[in-house]
Amino acid sequence: MQVLRNERRVAGEVSSMRITPRQYQSEDLSALRIAARSGARRIIFEASVGYGKTIIMLLVAMAYVSVGKRVLILSNRTSVIEMLRDEIGESDLIKIMTVQSAVNRLDIIDKPAVILIDELHMGGAAGQYRSVFEVFENALVIGFTGTPKAALFEVFDAHVQAKSARWLTDHGFLSPLKYFCPETIDFSRIRTVGSDFDEDELVDAMERSDICGDAIESYRQHCVGRPTLVFTVNIKHAKAVQEEFQAAGIECETLTSEDDEDETARKIALLKSGGLLISVDRVSAGFNVPALHAIISLRPTRQPHLWVQQLGRVARLAEEKVCGWVFDHAGNTLRNGTLTEDRDWRNGDQVDDERQTEEGERLSVRVCSCCNFAWEGAATFCPECGHENGQDRRISKRKAIQLREQEAADIEAARQAAAAAARRAQGKAKTFKALAAEIAKRPGTRNIHSARASASKILAARMRKAVEEGRTEEAEAIHADLAANGHRKVADETLADIEAAV
């Protein structure tokens, strides 16, 4: 669109605000302009945490304002709105509000030329935002997110992929992360409700394990005196974890949805000063503490979106920060990958069967058996401690299915071969004792008495066939054999039946 070319006109204003777009942001802004010029009306702008999405939003907003057009900026969370108001500011032409407020004021909001949505993944694009889109159907909509959900691609008609977390890390714009994944519990028996673990079962399993004690040890060894964030399942779990840390002599606070603005500000200030903060999902997105030293995950999830957002909290650059530390006591790194892993959000970041184990672990990530350090790639030497881990013996889900199918086929083939061999051996057994001995070897034969009973029936059938075919001597020999081994009654009854039939 023509108006998006005006970012050059406002570059001076941006510079005066001490906000200068980086080269990669200018390149991605050009891609956004091309998408809008091509006729797209709803565009997803996918950019990793730490990318600087606010600068793109500011440039777009000022480009519209510079030609007298109105801008509406929305988000799903009040904390994000407050941050945007601080960083961008409101005016007669720029309005910033939660989507809930916008929905309630649709009849009095001046029609915007462009709608900018921050943290798009946190809102119901097919729900809450839809009513806004319908009322302001002529507005260009740009949704900003680092983890677009698959459903968003059905609502938006264009997708601009900005620089990825891997690119930003490789070029020094994000802090590299170090992952440690100690052994955790078996989650295979925990039900899945919707797209994630059942919350009640998850809390019960976590509280019955020794995982919190392991997390306390991780904190003591690597995090004391440094800003550290612990992610938990829910408020009940957060408070239980807080009690365990405090019982171990470690001061900490919990941050939950029950806290008001003042309490939230106080607790985040404590975190920034080097404290330990235990949270649920209040700080998974829209939270900016660059100096955060580490996260400790006690919140297992099957949702890559949530895990990536949590990793993003510790990936921002800060002075004297060499790297961000991730202590994953919940199996999320193996289950959902690393921050820098390439992802296909349009497909819900589903990993095909060749790239994951039957238990849902990603084969792209390995964990050192010596120090628990996790890394991407097929290297056998641990990048952290140098331990030689040898060949990765995990196999893909598809391979596991193939092996099970092959095993079942092999078992069936072996069963059939054994049955054929038993039939051949049975056919070669000419006497009662030899036949009973062969039958006793067959799987499923209860005892020797059962084998003898079966042998008598088989010999009786052979005697009948010999008589019918005129092999009198053979029939008499079988009769004598049965009689000698205690089965005269069977032999006599068989002969009587034959004579009666004749």
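What is the fewest-to-most order of Trp167, Trp307, Trp325 by other Cβ atoms lying within 10 Å of their Cβ? Please report the intermediate quantities before stating the final value.
Values: Trp167 15, Trp307 27, Trp325 21.
Listing Trp167, Trp307, Trp325 from fewest to most nearby Cβ atoms yields Trp167, Trp325, Trp307.
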Run down the aspartates and glutamates and flag those whose C-alpha is under 15 Å from the C-alpha of Lys430, throwing out any fewer than 8 positions away in its chain. Glu438, Glu473, Glu474, Glu476, Asp481
So what's the back-of-envelope 222 nm ellipticity for the chain, counting only DSSP H runs of four-plus at -39500 (n - 2.57) apiece and dividing by all residues, rounded to 500? -13500 deg cm²/dmol
Got a sec? How would Val103, Val365 order by Cβ neighbour count within 10 Å, fewest to most? Val103, Val365
What is the distance in Å between the Cα centroid of the range 438-475 and that of the range 67-106? 91
Go ahead and collect, in residue order, the members of the range 321-364 whose backbone nitrogen is under 18 Å from a label point 7 Å along the Cα-Cβ direction of Ala408. 358-359
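Cα gyration tensor of the chain, axes a ≥ b ≥ c as square roots of the eigenvalues: rounded (a/c below 1.5), prolate (a/b > b/c) or oblate? Spell out each step's value before the answer.
Values: a/c = 3.43, a/b = 2.50, b/c = 1.37.
Note, shape of the chain comes out prolate.
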List every residue whose amide H lies under 5 Å from the amide H of Phe197, counting only residues 5 or more places away in sequence or on a different chain, with H placed 1.01 Å from N in the peptide plane. Arg302
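Go through the range 402-501 and name the trypsin sites (Lys or Arg not before Pro) that are in a DSSP coil and have 11 or fewer other Cβ atoms within 10 Å of their Cβ.
Details: sites: Arg404, Arg415, Arg423, Arg424, Lys428, Lys430, Lys433, Lys441, Arg446, Arg452, Lys457, Arg462, Arg464, Lys465, Arg471, Arg488, Lys489; in loops: Lys430, Arg446, Arg471.
Answer in residue order: Arg446.
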FRET efficiency estimate (nearest 0.05) - Cβ-Cβ, Asp196 to Arg398, R0 22 angstrom: 0.35
Gyration tensor verdict on the range 112-187 (Cα atoms; rounded if a/c is under 1.5, prolate if a/b is larger than b/c, oblate otherwise): oblate
Between Val230 and residues 5 or more places away or on another chain, the pairs with built amide H atoms under 5 Å apart involve Leu277, Ile278, Ser279, Ile296
Quickly work out the Ile108-to-Thr431 label distance, labels modelled 7 Å from Cα along the C-beta direction, and quote it in nm with one decimal. 10.9
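Could you tell me which of rounded, prolate or oblate describes the range 23-160, using a ≥ b ≥ c as the square roots of the eigenvalues of the alpha-carbon gyration tensor, with rounded for a/c under 1.5 and, failing that, prolate when a/b is larger than b/c and oblate otherwise? Could the numbers behind the result be given before it?
Values: a/c = 1.24, a/b = 1.12, b/c = 1.11.
In terms of gyration-tensor shape, rounded.
Using r as the Cβ-Cβ distance of Thr380 and Glu354, and R0 as 22 Å, what FRET efficiency do you calculate, to the nearest 0.05?
It comes out at approximately 0.65.
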Only sites in a loop by DSSP and with at most 12 other Cβ atoms within 10 Å count here; which GluC sites (Glu not before Pro) in the range 121-210 make the cut? Glu137, Glu183
Which trypsin sites (Lys or Arg not before Pro) from the range 176-227 combine a DSSP loop assignment with at most 16 other Cβ atoms within 10 Å? Arg189, Arg191, Arg208
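Only the coordinates and a few stated rules stand behind these numbers; no lab work does. Computed from a predicted model, the values in this text were never measured in an experiment. Glycine also receives a Cβ, built like all others from the backbone with ideal geometry; neighbour counts cover every protein chain displayed.
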